[in-house]
Amino acid sequence: MSKRRIAQLFIPALTLCTLALSTSCKSKKAELQDVQLFNGQIRTFSLSSEDKAAKAALERVTFSIRNSEEGLITNPSPLPFAQPLNKVKLKIVAFNADGTKIDVAVGTNGAFEEWKASKVYDLSSGVSELRVRVRNKVTNPQLGSGNEYIYRVHLSKYTNDPQTFSWQRLASPTNLPAITSAFTERIVEGTTTDCYFVTSAGTNALHSFTATPTSWTVGAFSGIPSGERLTSVARMGNTRYATTSAGKLYQTTSSTWSQVAGVSVTRILGTLPLGEKSERLALLTPVTGQAGKYVFATYTPTEGLKLGHKAPESFPLEGGYTFTRDREDYVGSTLYLVGGRTSRGTATTSRWLTTNGIDWAEQATELRFPSALTQESIIQERGTSRLYRFVTTSTGLYVYISTDNGLIWEAGRAVALAGLTATDFASSPVLAVQGADAKKIYLIRGVSGGASVLYEGTIRREEHN
């Protein structure tokens with residue numbers, strides 16, 4: 001009798017015995033649960049391609065292998081859109097390599113053929129199902145039916161271009177911020193989004209909205225001397241912090257700002273959440289006596305300013321978007337920074353990260369822009385790892401999309417700006433915001449000498465088959 005047959009007889013019997021014992025001890029009605037028989041035949045399944053353009057994209061796709069009574073292999077995230085699938089290679093690794101024979105059938109009714117790592121498969125023309133058969137010569141010398149295990153492979157694919165948006169201009173928003181290229185920053189707290197910005201007259205301002213950015217309220221703003229322009233704003237706990245063009249740090253729990261004495265700072269990089277230490281502001285501060293040189297630092301009201309390592313010239317001096325994410329290999333969270341400009345005015349294409357605020361690591365990307373940027377605004381689709389990077393140049397509007405928190409970027413195709421006239425955004429400041437609806441992103445376009453313009457973009461990305 002084969003080991004698999006023994007398992008089929010033994011596991012249900014053991015389950016029934018356990019249920020009977022549980023019933024007699026607890027005098028409660030026991031419900032029979034689904035018992036899955038695990039057969040560890042395959043431990044790795046992945047895709048590659050002879051096509052250089054598709055190879056890297058397909059190799060990043062992860063698969064889930066379910067060794068149940070009927071084996072199932074699926075990819076939780078759909079295959080990359082518009083990648084050629086006519087020269088695909090399959091990487092299959094069995095738990096027991098000795099004597100194992102693997103066959104693959106394309107489609108639900110295709111004939112099984114011997115699998116080889118070098119074999120090329122055509123998975124285009126709507127193919128979304130494969131079957132993988134695993135047999136072992138040791139337990140089944142004749143390689144006949146009986147002692148074999150078959151996996152159904154379902155290739156999840158997008159049904160529509162995942163970049164698809166539907167944009168429209170919204171008429172007559174109230175109190176829309178008249179943004180400029182000087183400075184804009186979003187602070188989201190609950191359902192309210194606060195927009196801090198510097199007006200064309202050089203004054204600091206605050207406008208806020210709740211739920212949707214069609215109706216804004218003008219907030220009170222005082223305590224920072226006229227002539228000092230905002231350069232960064234962040235929230236730590238119930239307190240807001242801001243830096244100004246005078247190199248000062250301010251704080252507030254209301255609408256009136258007060259200076260934090262004894263702290264000279266260039267900008268706030270973000271807020272490190274609770275981890276091994278208390279919540280801290282990550283800062284960039286000037287090096288005393290060395291013009292154009294900066295050092296990383298952290299600040300808390302109890303610890304004050306803690307200086308760290310010097311910042312390289314490639315680090316962004318202004319702008320960018322910061323966010324946090326828990327990491328499995330670190331107790332606590334990691335603060336990420338994407339975008340921004342260096343001290344030389346060069347747009348930053350790298351992703352930066354820190355776990356302590358006083359030392360940052362750079363991760364280079366392959367992102368390239370068509371020309372010098374006028375301004376950029378980066379926003380994260382709520383509940384996902386998708387970042388949208390809207391940039392304006394002297395010729396118009398472009399968008400770049402990342403699905404992995406800013407490490408790999410893809411240039412937006414025409415469907416990503418459907419409904420917009422990209423040239424209308426030429427040399428214009430731009431700000432992206434998100435309201436209560438997670439499937440909508442809004443763009444504010446600044447207009448020289450006039451009121452801003454508001455656009456609503458609906459994400460039309462259909463998931464997958």
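Quick note: the coordinates plus some simple rules give every number you see, no bench work behind them. What you see is a predicted model, and the numbers here were worked out from it, not measured in a lab. Quick reminder, even Gly has a Cβ in these numbers, built from the backbone with ideal geometry, and neighbours come from all protein chains shown.
Helix 3-26 versus the longest principal axis of the chain: what angle, 0 to 90°, nearest 10, using Cα atoms?
Around 70 degrees separate the two axes.
How long are the semi-axes of the ellipsoid equivalent to the chain, from square roots of 5 times the Cα gyration tensor eigenvalues, in whole Å, largest first?
Each semi-axis is the square root of five times an eigenvalue, giving 52, 28, 22 Å.
Defining a contact as two alpha carbons under 8 Å apart and six or more residues distant in sequence, what relative contact order in percent does the chain show?
Relative contact order of the chain: 12 percent.
Taking R0 as 22 Å, what's the FRET efficiency between SER255 and THR199 from their Cβ-Cβ distance, rounded to 0.05?
0.80
On a 24 Å Cα-Cα criterion, which of the cross-link pairs LYS277/LYS439; LYS119/LYS157; LYS55/LYS116 come out too long?
Pairs exceeding 24 Å: LYS277/LYS439.
Full extension from SER166 to THR458: what is 0.36 nm times the residue separation minus their Cα-Cα distance, to one decimal in nm?
Length gained, SER166 through THR458: 104.6 nm.
State the extension gain, in nm to one decimal, for the chain segment bounded by ILE65 and ILE150, taking 0.36 nm per residue of separation less the distance between their alpha-carbons.
Extending this stretch completely gives an extra 29.4 nm.
HN-Hα J couplings of the range 357-373 from phi, Karplus 6.51/-1.76/1.60, θ = phi - 60°, integer Hz, Gly and Pro as x?
Computed from phi, the couplings for the range 357-373 are x, 9, 8, 10, 10, 9, 10, 6, 10, 9, 5, 9, 9, x, 7, 4, 7 Hz.
With each run of n ≥ 4 DSSP H residues scored as -39500 (n - 2.57), what mean residue ellipticity at 222 nm is computed for the chain after dividing by its residue count and rounding to the nearest 500 deg cm²/dmol?
-2500 deg cm²/dmol
Based on the alpha carbon coordinates of the range 182-303, what radius of gyration and maximum Cα-Cα distance (Dmax) apply, in Å?
Radius of gyration, then largest Cα-Cα span, for the range 182-303: 14.8, 47 Å.
Over the range 48-103, calculate the relative contact order: mean separation of alpha carbon pairs under 8 Å at least 6 apart, over the residue count, as a percent.
Rounded, it is 36 percent for the range 48-103.
Can you give the local net charge around TYR442? Use residues other than it whose beta-carbon is closer than 14 angstrom to its beta-carbon, Lys and Arg +1, Asp and Glu -1.
+3
Just the ratio, please: alpha-carbon radius of gyration of the range 301-439 over 2.2 N^0.38 Å, N its number of residues.
Compared with the compact-globule rule of thumb, the range 301-439 sits at 1.13.
Could you give the length gained on full extension between VAL120 and LEU274, defined as 0.36 nm per residue of separation minus the Cα-Cα distance, in nm?
Gain in length upon complete extension: 50.5 nm.
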